[in-house]
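Read the structure below first, then the notes.
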Amino acid sequence: NRFCFLIQDSSKNSHKVFVYQKIQRGTGHAVQVAMSALKKFPLEGMNILTFPGDMGLIDSPSVAGFESAFRKSGCDMMILPGKYDGPAEQNYYGRVLRVPFGAYRGDVLAILQHRDILKMDPKVPYRISYKGAEFNFTRRELLENRDFDSGIFAFRAPALARYINSLKPANVQKEIYLTDIVNIFISAGLNVAAAEPADSEKLLGFNNKSTL
């Protein structure tokens with residue numbers, strides 16, 4: 001994976017930094033490698049946006065709208081989910097879990113990868129705690145969840161730098177997922193929000209035949 005960071009400081013000067021992930025251990029590892037190249041930059045006041053490399057439909061208005069929403073939100077991390085409108089069995093994207101009811105309805109709980117969901121026991125619900133409450137999801141509910149993870153995230157740079165190396169390969173593929181940082185941020189008391197895209201098709205990636 002190759003990443004290009006376009007960094008703009010308070011003086012409006014732009015700097016391009018190219019980083020090469022020699023050993024590919026997952027999306028989280030890719031960002032760990034990329035963040036190591038930013039140590040020479042002052043991170044305070046800086047925002048970082050990440051994008052998958054296989055998104056051929058994303059356009060500049062979508063990116064600009066997402067960046068603007070993040071800047072105005074005041075949150076520490078923002079995700080850009082989409083709505084999958086095809087058959088659930090062809091949805092190979094990660095699922096975005098939200099609080100289903102109550103005072104915090106709609107809040108982001110976690111992002112679960114499709115392969116990890118498939119490996120779950122259908123008889124054992126997935127349990128997750130959030131702000132003093134516990135929520136249960138059946139394997140079927142997770143698979144039929146149409147909120148998909150686009151892989152586009154925005155971070156306050158200091159928060160990302162602090163927690164990015166907390167990611168571990170605790171999943172079926174034994175990879176370091178960037179999506180796991182949602183749980184880490186929430187557990188640390190940080191704010192994770194979600195923006196709503198105008199057109200979910202622009203968030204599709206070309207990583208399997210059904211999507212292509």
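The values are calculated or read from the model by the stated rules, or taken from the named source; none is laboratory data. This is a predicted model, so every value here is computed, not measured. Every residue, glycine among them, receives a Cβ derived from its backbone with ideal geometry; neighbour counts consider all protein chains shown. To get the accessible areas, we keep the full protein, side chains included, count just its heavy atoms, and leave off ligands, DNA and RNA. Shrake-Rupley method; radii C 1.70, N 1.55, O 1.52, S 1.80 Å.
Here residue 48 clears all of (1) of a type outside the set (Gly, Ala, Ser); (2) part of a loop (DSSP other than H, G, I, E, B); (3) surrounded by 18 or more Cβ atoms within 10 Å (Cβ to Cβ) except the condition numbered (2). Of the candidates 151, 189, the single residue that is at positive phi and open to solvent by 40 Å² or more (accessible area, probe 1.4 Å) is 189. The sole residue among 45, 53, 65 that is more than 16 Å from the chain's Cα centre (by Cα) and at pLDDT below 90 is 45. For the stretch 131-140, indicate whether the set of residues that are part of a loop (DSSP other than H, G, I, E, B), open to solvent by 50 Å² or more (accessible area, probe 1.4 Å) and among the polar types (S, T, N, Q) is non-empty. Checking the stretch 131-140: at least one residue is part of a loop (DSSP other than H, G, I, E, B), open to solvent by 50 Å² or more (accessible area, probe 1.4 Å) and among the polar types (S, T, N, Q). Just one of the listed residues (117, 128) is assigned to a strand (DSSP E or B) and open to solvent by less than 60 Å² (accessible area, probe 1.4 Å), namely 128.
Applying the condition of being touching a Gly at 6+ places or on another chain (Cβ under 9 Å) and outside any loop (DSSP other than H, G, I, E, B) to the stretch 97-114 and asking which residue is farthest from residue 28 (Cα to Cα) yields 98.
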